[in-house]
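Report on the following structure.
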Amino acid sequence: MFSRRLRTGVRVVGLAATAFILSVSLAAASDRCARAPLPRAASQIVPTARFDQHLFSQAILVEVNYYRCRAGLAPVRLAGGLIEVASRHADWMARTRRLSHTSTLSGLATVRARVLASGLPVRRGSENIGYLPRFQFDGNRRIRVRDRAHCVFTTTRGRRIEPHTYASLAADIVDKWMRSAGHRRNLLDAHVNAVGAALGYDNRGTTCGQFYMAQNFAG
């Protein structure tokens, strides 16, 4: 059975979650939990086309399993089928500039359809979506536009603001999902065992574009 979470959004970050899941209580943090190492390539700036969706999913997986460990939960694994359906949905959101769990893609219009289309044996599934600016504004709305044509931004103290890397983008969006009850329930569902995530890029807007992201769980 599906239940829909309240959609929330602000000017530079948007989030939404939906699921057919049971909620899970957060356990005490454990000192044994640490983020797994990522490939060196994860420190590269995310391009605005031809993304490495598997690398982004790896970065998401590290964050998800870190928080699951802190909650006393088993880790989840990457599933190529979930990465593929998340990629299709993230691209659709970026093209249409819509943060939505429902799309116009044939056979992939709903969360249920996407999770089932992954090819995994599925009894339950969920989805988190969101968008973030291309640059690491870190929620700081007081920025200086030094050169809009060349996307040069600084803080009010003059520090250059860099574009997101795969690792920083994953850490930022998972942190925001963890701060939202509905998204956190999806991340910490004890009954899922697979995840896939992907991103799409919208080059419009006043801050040199933004990334739309989709994350699907199955179990």
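The values are calculated or read from the model by the stated rules, or taken from the named source; none is laboratory data. Here the structure is a predicted model, which is why all the values come from computation and not from measurement. For neighbour counting, all protein chains shown are included, and Cβ atoms are generated from backbone atoms with ideal geometry for every residue, glycine included. Note: areas computed on protein heavy atoms with side chains; ligands, DNA, RNA excluded. Shrake-Rupley method; radii C 1.70, N 1.55, O 1.52, S 1.80 Å.
Evaluation of Thr155 against the conditions (1) modelled with pLDDT under 95; (2) open to solvent by less than 30 Å² (accessible area, probe 1.4 Å); (3) in contact with a Phe, Trp or Tyr (Cβ under 8 Å, 6 or more places away or on another chain); (4) of a type in the set (Val, Ile, Thr) shows that the sole unmet condition is (3). In region 91-110, the residues that are in contact (Cβ under 8 Å) with a residue 40 or more places away in the chain and in a loop (DSSP other than H, G, I, E, B) form Cβ pairs under 7 Å with partners that are open to solvent by 10 Å² or more (accessible area, probe 1.4 Å) and small (Gly, Ala, Ser), at six or more places apart or across chains, as follows: Leu99/Gly9.
Taking region 207-219 as the range and being open to solvent by 10 Å² or more (accessible area, probe 1.4 Å) and touching an Asp or Glu at 6+ places or on another chain (Cβ under 6 Å) as the test, only Gln210 passes. Within region 189-206, the set of residues being of a type outside the set (D, E, K, R), crowded, with 18+ Cβ neighbours inside 10 Å and out of contact with any Lys or Arg (no Cβ under 6 Å at 6 or more places or on another chain) comprises Val192, Val195, Gly196, Ala197, Ala198, Leu199, Gly200, Tyr201.
Taking (1) more than 17 Å from the chain's Cα centre (by Cα); (2) modelled with pLDDT of 95 or more; (3) closer than 25 Å to Arg185 by Cα; (4) open to solvent by 60 Å² or more (accessible area, probe 1.4 Å) in turn, Asp31 satisfies each apart from (2). Please specify each residue of region 79-103 satisfying the condition of being over 19 Å from Asn203 (Cβ atoms) and open to solvent by less than 50 Å² (accessible area, probe 1.4 Å). Once the filter is applied, which keeps residues that are over 19 Å from Asn203 (Cβ atoms) and open to solvent by less than 50 Å² (accessible area, probe 1.4 Å), region 79-103 yields Ala79, Gly81, Leu82, Ile83, Val85, Ala86, Ser100, His101, Ser103. For region 176-187, does any single residue satisfy the condition of being more than 15 Å from Glu63 (Cβ to Cβ), among the small types (Gly, Ala, Ser), open to solvent by 10 Å² or more (accessible area, probe 1.4 Å) and over 19 Å from the mean Cα position of the chain (by Cα)? Taking every residue of region 176-187 in turn, none turns out to be more than 15 Å from Glu63 (Cβ to Cβ), among the small types (Gly, Ala, Ser), open to solvent by 10 Å² or more (accessible area, probe 1.4 Å) and over 19 Å from the mean Cα position of the chain (by Cα). Taken over region 104-119, the criterion of being surrounded by fewer than 19 Cβ atoms within 10 Å (Cβ to Cβ) and not β-branched (Val, Ile, Thr) is satisfied by Leu105, Ser106, Gly107, Leu108, Ala109, Arg112, Ala113, Leu116, Ala117, Gly119.
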